[in-house]
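Everything below concerns the one structure shown next.
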Amino acid sequence: MMEGNDSIKLERAKKRVEKIKGFYIHFTVYILVNLFIVGSILYNSGWDDFFHFGTFFTPFFWGIGVLAHYSKAFGYMPFFGKNWEQRQIEKYMEKDKRESDEFINK
């Protein structure tokens, strides 16, 4: 029995490492691509465009996605964490049980 439990723990650990690795790859690509984009804009337009919204449009909105990826990879999900999942599962199980009981009692 203990070997099965260790196997499950190993699989969970591997999945977690893959999520974290995926985040680091995503973050690295984010930094490199956005350095290129902002650098290109500044090179072609000079410092005049540095404070324009368009210069940081891509880094800003992509950064929101990177933050969401970070929160998922490192387990910080204030809205959709494990507790939320468990509460939703219990809520729907209770609802199904109530509907089943009502159907049987009719």
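The values are calculated or read from the model by the stated rules, or taken from the named source; none is laboratory data. This one's a predicted model, so the numbers in the text were calculated from it and none came from an experiment. No Cβ is skipped: glycine too gets one built from the backbone with ideal geometry, and neighbour counts run over all protein chains shown.
A residue that is at pLDDT below 80 and either of a type outside the set (Lys, Arg) or not assigned by TED's automatic domain parsing to the domain that holds Val17 (or both) occurs nowhere in region 61-71.
Considering Gly54, Gly22, Gly4, Gly46, the condition of being at pLDDT 90 or above and part of a helix (DSSP H, G or I) is satisfied by Gly22 alone. A Cβ distance below 8 Å, combined with a sequence gap of six or more or placement on separate chains, defines the contacts here; from region 81-106, residues that are at negative phi reach residues that are surrounded by 10 or more Cβ atoms within 10 Å (Cβ to Cβ) and modelled with pLDDT under 80 in the pairs Gly81/Gly75; Trp84/Met77.
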